[in-house]
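Readers should treat all values here as calculations from the given coordinates under stated rules, not as data from a laboratory. For clarity, every value in this text was computed on a predicted model and none was experimentally measured. Reconstructed Cβ throughout: ideal geometry from the backbone, glycine too, with neighbour counts over all protein chains shown.
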Amino acid sequence: MGLFQNHIEHISTITTAALKHAGYDGVYIYSGHPVNNFLDDMAPPHSINPHFKWWVPVPDVVSSILHYIPGQKPTVYLNQPADFWHKVIDNSQGKWAKYFNVKVIGHYSELPDFKQSDNHAWIGSTELQPLAAEHTNPEKLLNYLHFGRIQKTNYEIHCIGEANKLALQGHAAAASAFRNGMSEYEIHMAYLQACEHNEHQMPYGNIVALNENPSVLHYQYQSRERIAPADLKSFLIDAGATYKGYAADITRTYAYGDGLFAQMIQSLDAKQQTLCKKAVVGQDYVELHRQAHVNISEVLKEAGVFTCTAEAAVESGLSQTFFPHGLGHYLGLQVHDVSGHIIDHNGTVKSPPEAYPFLRLTDTLRENAVITIEPGLYFIPMLMQEIAGHKDVNWDKVEELVPYGGIRIEDNVVVKTGNSINLSR
């Protein structure tokens, strides 16, 4: 049996159980459609409903609907209108289509009368909302489905793996462009060309940061100016790719020359790999995050930034100034995939501990979940100011390292019993 067939059977089983749990006989899932910007006749790039693309591996579909009733072959109303303004691709002949009743439509008038379907739910954006509000995105149904999406099928792991291969081609090209003294913009364009994506196909906006710019965690610009080789210090790139709607999310950091910062990257990389290997079934992710703080503090101690022990830096909260974000998150149909704080089908929330409020994942790790492991250490001026004069910090070292911005290293890991699988290496 093929990977995709197994995948469809798996999500059929989950959706059947979810409908029973929420008390519904069936569900309509809407792909969504582009919505124009305010006072404009153009829309931003459309982001498809992840519940729709969980079933249908055509990530650029719009205005289409999946109808699922347990025990029946799912129906897809696939929107392919006659249009001389845009090219319409016939997606109805893909290999995926044989697992569905595919009905090609050219207009909303060809859709069924949703209100004639008894006891159904609607999942999707409310720009098209044919059912009553209480049956639109019902929380009980969504909680069950979101929890079910944590553990990936082999098809999903394959897709995330293929996205990683594409992203790694981009990362290799970006590293080469950095070594050749290219600007942030030129590095960004080299990345896109290497992974054969345009801007709209990227799972998120590339973070392409030279010198001090890695200290801005979601640095959003790409400067067109080249930096003279004598002034080049560091390069951080956080960039992914997509494959059949699934995302990769990888970060690498480079030093332009040898020295302390290059040694810090090498040290953090080794510790990041150890964290990846610990991402196994039953691992408490909050504890893994705390271990990352210890590891990062060890790097800062080795570099002469901390004058106290690594454990003391963690206990006092000092490490959070240098590592202010979470260790990672779930990954899949969305870059920050759902249910990071959910621990059961009922949607029970396990909130981040007070010490780590930005942690996106708080559960114990489950078989075939795909997660990111992304420890980082940064010299962020506004955070440095908050601890100015701290007795356990060597401020001369901080001043030396501020122009380098920071380090983040991120891989995508499949949780397994015994040995995790690192898709990014």
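Observations, loosely collected:
- For 286, 88, 294, order by how many other beta-carbon atoms lie within 10 Å, fewest first: 88, 294, 286
- Evaluating 6.51 cos²θ - 1.76 cosθ + 1.60 at θ = phi - 60° for every residue in region 254-270, the Karplus couplings come out as 10, 9, 6, x, 6, x, 4, 5, 4, 5, 5, 4, 4, 5, 5, 4, 5 Hz, glycine and proline recorded as x.
- Cut-off 15 Å between beta-carbons: net charge of the residues surrounding residue 217, Lys and Arg +1, Asp and Glu -1: -3
- Distance-filtered residues of region 25-42 - backbone nitrogen under 20 Å, label point 7 angstrom along residue 127 Cα→Cβ: 28-42
- Dipole of region 173-236 computed with +1 at Lys/Arg Cβ and -1 at Asp/Glu Cβ about the Cα centre; of 193, 204, 230, farthest Cα towards the positive end is 230.
- Whole-Å distance, taken between Cα centres, linking region 221-269 and region 106-134: 46
- Charge dipole (debye, nearest 20) of region 137-201; +1 at Cβ of Lys and Arg, -1 at Cβ of Asp and Glu: 280
- Near residue 304: Cβ cut-off under 13 Å, other residues only, Lys/Arg at +1 and Asp/Glu at -1. The net charge is -4.
- Estimated vicinal HN-Hα couplings, Hz - region 277-289 in sequence order (Karplus 6.51, -1.76, 1.60; Gly, Pro = x): 5, 7, 7, 10, 4, x, 5, 6, 5, 5, 5, 5, 4
- Scanning residues 5 or more positions from residue 240 or on other chains, those with amide H under 5 Å from its amide H are 204, 250, with H placed 1.01 Å from N in the peptide plane.
- Of the trypsin sites (Lys or Arg not before Pro) found in region 1-110, the ones in coil according to DSSP and having at most 12 other Cβ atoms within 10 Å of their Cβ are 87.
- CD proxy at 222 nm, helix term only [per DSSP H run n ≥ 4: -39500 (n - 2.57); per residue of the chain; nearest 500]: -10000 deg cm²/dmol
- Virtual spin-label span in nm between residue 419 and residue 383, 7 Å along Cα→Cβ: 3.5
- Separation of the residue 3 and residue 396 label points, Cα + 7 Å toward Cβ, nm: 5.5
- Region 131-224: chymotrypsin sites (Phe, Trp or Tyr not before Pro) falling in loop per DSSP and having at most 15 other Cβ within 10 Å: 204, 221
- Computed about the Cα centre, the dipole magnitude for the chain is approximately 1100 debye when only Lys and Arg (+1) and Asp and Glu (-1) carry charge, each at its Cβ.
- Whether region 1-140 is rounded, prolate or oblate, judged on the alpha carbon gyration tensor where a/c under 1.5 counts as rounded: oblate
- Solution diffusion estimate, µm²/s, Stokes-Einstein, the chain, Kirkwood Rh from C-alpha pairs, 37 °C, viscosity 0.692 mPa s: 141
- FRET efficiency estimate (nearest 0.05) - Cβ-Cβ, residue 346 to residue 103, R0 41 angstrom: 0.70
- For the chain, with +1 on Lys and Arg beta carbons and -1 on Asp and Glu, the positive-most of 256, 99, 307 along the dipole: 99
- Per-residue extension of 0.36 nm, minus the Cα-Cα distance of residue 221 and residue 93, leaves a gain of 42.1 nm for this segment.
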